[in-house]
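The values are calculated or read from the model by the stated rules, or taken from the named source; none is laboratory data. Predicted, not measured: the structure shown is a model, and the values here were computed from it. When we count neighbours, we look across all protein chains shown, and the Cβ atoms used for this are built from the backbone with ideal geometry, even at glycine.
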Amino acid sequence: MYTQGLDALGDESLLLPEEELAELEARFQAKIDADEKIEPKDWMPAAYRLTLIRQISQHAHSEIVGMLPEGNWISRAPTLKRKCILIAKVQDEGGHGAYLYSAAETLGISREQMVEQLLSGQAKYSSIFNYPTPSWADIGTIGWLVDGAAIMNQIPLCRCSYGPYARAMVRICKEESFHQRQGFELMMQLCKGSSDQKRMAQEALNRWWWPSLMMFGPSDANSRHTEQSMRWKIKRFTNDELRQKFVDATVPQAEFLGLTLPDDALSWNEQTEHYDFGSIDWDEFQRVLAGQGPCNQERIAARISAHENGAWVREAAMVHAAKQAQRAARE
Amino acid sequence: MSDDQQNWPLFEVFIRGRAGLEHKHVGSLHAADGQMALEHARDLYTRRMEGVSLWVVRSKDITASDPDDADALFEPAKDKIYRHPTFYEIPDEVKNL
């Protein structure tokens with residue numbers, strides 16, 4: 001029922017007389033203003049549809065690519081318990097990608113098209129997954145900071161105006177909490193361990209702190225889509241608001257671990273009752289987004305190889321299903 | 001093969017949360033056939049004891065109402081308030097009614 005709109009990518013709206021289109025748009029915005037949800041077959045402006053397709057598919061790609069930096073530690077996890085936890089977490093990320101691709105498909109794009117956009121480099125995914133994971137402490141830091149930042153970002157999305165996206169996010173947020181807590185617990189163990197282990201934890205934190213802050217996207221002054229997305233209630237908070245929330249929540253957690261956040265400018269501001277923090281290297285952010293991060297090529301190469309090596313499985317499954325159906329029809 | 005034959009079709013997934021509850025729609029997934037859809041649904045939607053029974057159905061086999069018809073379909077019920085028990089005023093002294 002969800003991809004029946006495949007041929008109706010909002011283009012028909014362009015054929016409507018101007019007054020009629022304006023009336024449809026006004027009714028649509030009134031629904032949003034009244035906090036009603038938009039569902040797949042409801043009328044929506046073409047720009048709303050395209051914004052959601054872009055955002056949800058990027059989100060899905062991020063979950064899928066996000067399996068890679070952690071997946072390469074499954075075979076090297078230090079204990080059986082940690083291996084089980086990591087496998088479960090990586091499986092969750094794959095699941096999140098699948099929920100999100102499904103949600104995007106309700107808007108009239110197929111999963112094949114989205115995968116194609118990822119593999120050809122046409123679609124973006126979160127900059128964070130282009131950083132390497134050289135030590136075991138990186139796995140703890142990813143859970144604690146990267147999943148922590150993701151939760152900050154995702155909780156407001158549970159109230160997003162588009163029903164299928166909001167519902168997928170509810171499911172994802174429930175699972176994400178385990179990801180963050182296992183990461184923090186892993187860090188706690190390292191910080192209680194030998195001096196070498198604690199140093200490992202500190203070095204991982206130094207590597208991931210700034211890229212984690214970049215996850216919230218460009219500062220409000222430079223965010224092209226924020227204003228419209230907020231009017232459509234796709235977005236509920238600005239990038240800078242969420243980033244500040246994340247810093248405020250994370251500083252005491254780092255103190256608890258006895259680790260130092262790598263920012264000399266970080267200090268509590270009595271007036272604002274928030275932490276002030278140093279300026280983000282936006283050039284680095286743009287470079288990583290543009291494909292020049294430490295692992296961009298490696299990540300996409302891994303996805304392409306997985307997709308190509310899986311082709312025979314996809315085909316064989318279809319041939320098998322057709323054969324079974326034929327047999328059943330004969331009987 | 002045409003694109004349709006090559007790509008795994010879409011299925012809608014329904015889960016019974018526990019015995020005594022109805023199956024509820026939870027999302028969709030791709031699979032080559034019903035059996036595979038069940039296996040994928042198990043991996044994708046019930047990793048944390050979300051249910052005790054699964055239904056999968058080809059998305060294209062669902063006939064859905066059109067949102068544009070919502071008024072015609074559902075509005076008429078609004079002026080039939082006599083279908084609700086609160087429509088009838090019964091004195092307080094009458095019990096068990």
Requested in this report: Within the range B:64-87, track down each residue that is among the hydroxyl-bearing types (Ser, Thr, Tyr) and either modelled with pLDDT of 95 or more or surrounded by 10 or more Cβ atoms within 10 Å (Cβ to Cβ) (or both).
Outcome: B:65
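Residues checked against (1) away from chain B (no Cβ under 14 Å); (2) basic (Lys, Arg); (3) within 17 Å of the chain's Cα centre (by Cα):
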site	(1), (2), (3)
A:80	yes, no, no
A:88	no, no, no
A:91	no, no, yes
A:96	no, no, yes
A:103	no, no, yes
A:110	no, no, no
A:117	yes, no, yes
A:126	yes, no, yes
A:133	yes, no, no
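Looking at A:188, A:200, A:230, can you tell me which residue is within 30 Å of residue A:47 (Cα to Cα) and either assigned to a helix (DSSP H, G or I) or within 14 Å of another protein chain (Cβ to nearest Cβ) (or both)? Explain how you work it out, then say what you get.
Working: A:188 fails: within 30 Å of residue A:47 (Cα to Cα); A:200 fails: within 30 Å of residue A:47 (Cα to Cα).
Of the residues listed, the single one that is within 30 Å of residue A:47 (Cα to Cα) and either assigned to a helix (DSSP H, G or I) or within 14 Å of another protein chain (Cβ to nearest Cβ) (or both) is A:230.
Would a scan of the range A:9-29 turn up a residue that is at pLDDT below 85, within 30 Å of residue B:58 (Cβ to Cβ) and in a loop (DSSP other than H, G, I, E, B)?
Of all residues in the range A:9-29, those at pLDDT below 85 come to A:9-16.
This time we only want the ones that are within 30 Å of residue B:58 (Cβ to Cβ), so: A:9-13.
Among the residues that remain, those that are also in a loop (DSSP other than H, G, I, E, B) are: A:9-10.
Looking for residues that are at pLDDT below 85, within 30 Å of residue B:58 (Cβ to Cβ) and in a loop (DSSP other than H, G, I, E, B), one finds at least one in the range A:9-29, hence yes.
Would you mind stating whether residue A:40 is buried (at least 20 other Cβ atoms within 10 Å of the Cβ) and at pLDDT below 95?
Details: buried (at least 20 other Cβ atoms within 10 Å of the Cβ): yes; at pLDDT below 95: yes.
Criteria met by residue A:40.
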Report task. Report the residue count in the range B:9-43 for those that are charged (D, E, K, R) and within 24 Å of residue A:40 (Cα to Cα). Result -> 4
Query raised in the report: Do you know which residues across the range A:238-278 are aromatic (Phe, Trp, Tyr) and either surrounded by 18 or more Cβ atoms within 10 Å (Cβ to Cβ) or assigned to a helix (DSSP H, G or I) (or both)?
Result: A:246, A:256, A:275, A:277
Query - All helices (runs of 4 or more DSSP H) inside the range A:95-159 with 2 or more residues being of a type in the set (D, E, K, R) - result: A:111-119
Report task. Looking only at the range B:15-32, decide whether some residue is in a helix (DSSP H, G or I), within 11 Å of chain A (Cβ to nearest Cβ) and either surrounded by 10 or more Cβ atoms within 10 Å (Cβ to Cβ) or free of Cβ contacts under 8 Å to residues at least 12 places away in the same chain (or both). Result -> no
Report summary line: Only one of (1) touching a helix residue (DSSP H, G or I) at 6+ places or on another chain (Cβ under 6 Å); (2) at the interface with another protein chain (Cβ under 8 Å from one of its Cβ atoms) does not apply to residue B:56, and that is (2)
Requested in this report: Just give me the residues in the range A:160-179 being surrounded by 20 or more Cβ atoms within 10 Å (Cβ to Cβ), in a helix (DSSP H, G or I) and not charged (D, E, K, R), in sequence order.
Outcome: A:164, A:165, A:168, A:169, A:172, A:179
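Residues A:74, A:85, A:32: which one is of a type in the set (Val, Ile, Thr), without any contact (Cβ under 8 Å) to a residue 40 or more places away in the chain and surrounded by fewer than 22 Cβ atoms within 10 Å (Cβ to Cβ)? Before the answer, list the steps.
On the way: A:85 fails: without any contact (Cβ under 8 Å) to a residue 40 or more places away in the chain; A:32 fails: without any contact (Cβ under 8 Å) to a residue 40 or more places away in the chain.
Being of a type in the set (Val, Ile, Thr), without any contact (Cβ under 8 Å) to a residue 40 or more places away in the chain and surrounded by fewer than 22 Cβ atoms within 10 Å (Cβ to Cβ) holds for just one of A:74, A:85, A:32, which is A:74.
Among the candidates A:150, A:168, which residue alone is small (Gly, Ala, Ser) and closer than 23 Å to residue A:253 by Cα? Lay out the reasoning, then the answer.
On the way: A:168 fails: closer than 23 Å to residue A:253 by Cα.
Going through A:150, A:168 in turn, the sole match is A:150.
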Report task. Check A:82, A:49, A:76, A:111 and return the single one that is touching a strand residue (DSSP E or B) at 6+ places or on another chain (Cβ under 7 Å) and of a type in the set (Lys, Arg). Result -> A:111
Requested in this report: Starting from residues that are surrounded by fewer than 20 Cβ atoms within 10 Å (Cβ to Cβ) and assigned to a loop (DSSP other than H, G, I, E, B), keep the ones in the range A:43-54 and report whichever is farthest from the chain's Cα centre (by Cα).
Outcome: A:43
Query raised in the report: Counting only residues that are within 14 Å of chain B (Cβ to nearest Cβ) and exposed (fewer than 14 other Cβ atoms within 10 Å of the Cβ), how many does the range A:291-321 have?
Result: 6
Report task. Quick one: in the range B:43-52, of everything that is buried (at least 16 other Cβ atoms within 10 Å of the Cβ) and either more than 10 Å from chain A (Cβ to nearest Cβ) or among the hydrophobic types (A, V, I, L, M, F, W, C) (or both), which residue is nearest to the chain's Cα centre (by Cα)? Result -> B:51
Query raised in the report: Out of A:127, A:57, A:62, A:120, which single residue is in contact with a Leu (Cβ under 7 Å, 6 or more places away or on another chain) and either surrounded by fewer than 23 Cβ atoms within 10 Å (Cβ to Cβ) or among the small types (Gly, Ala, Ser) (or both)?
Result: A:127
Query raised in the report: What number goes with the only condition from (1) outside any helix (DSSP H, G or I); (2) out of contact with any helix residue (DSSP H, G or I) (no Cβ under 9 Å at 6 or more places or on another chain); (3) surrounded by 11 or more Cβ atoms within 10 Å (Cβ to Cβ); (4) without any contact (Cβ under 8 Å) to a residue 12 or more places away in the chain that residue B:92 does not pass?
Result: (3)
Report summary line: Per the list (1) closer than 24 Å to residue A:324 by Cα; (2) more than 8 Å from chain A (Cβ to nearest Cβ); (3) in a loop (DSSP other than H, G, I, E, B), residue check on residue B:8 breaks on (2)
